[in-house]
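In what follows, a structure is listed as structure tokens, so that the remarks can point back to it.
Since every read-out is calculated from the coordinates, none of them should be taken as a lab result. A quick note: this is a predicted structure, and the numbers were derived from the prediction, not measured. Cβ placement follows ideal geometry from the backbone for every residue including glycine, while neighbour counts extend to all protein chains displayed.
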Amino acid sequence: MIFSTSSAKEDVEYCFEIGADFYVVKRGSFIALAEIINDLNKGTIFNRF
């Protein structure tokens, strides 16, 4: 899983090329991070970019 501040298409594509399963763009709040962690725990995370 890649957790990055970049949403550049080239960065996303590169990460998947080298084996990433997920790419999540960091959002600026703790609540947004907590939602991502909750999704991971439930197994319902989707790529977010």
### Label-point separation, T44 to R27 (7 Å along Cα→Cβ), nm
1.5
### Query
Placing +1 at every Lys and Arg Cβ and -1 at every Asp and Glu Cβ, with all other atoms neutral, what dipole size does the stretch 2-42 have around its Cα centre, in debye to the nearest 20?
240
### Task
Determine, for each peptide in 36-42, 19-25, the mean count of other beta carbons within 10 angstrom over its residues, then list the peptides with the highest first.
19-25, 36-42
### Task
Just subtract the alpha-carbon distance of E35 and E17 from 0.36 nm times their residue separation and send over the number in nm, one decimal.
3.9 nm
#### Entry: Farthest positive-ward along the chain dipole, Cα basis, beta-carbon charges - from I36, S6, Y23
I36
#### Entry: Relative contact order, percent, the chain [alpha-carbon distance under 8 Å, six or more residues apart]
40
### Task
Can you tell me the 0 to 90 degree angle between the C-alpha axis of helix 30-42 and the longest principal axis of the chain, rounded to 10?
90
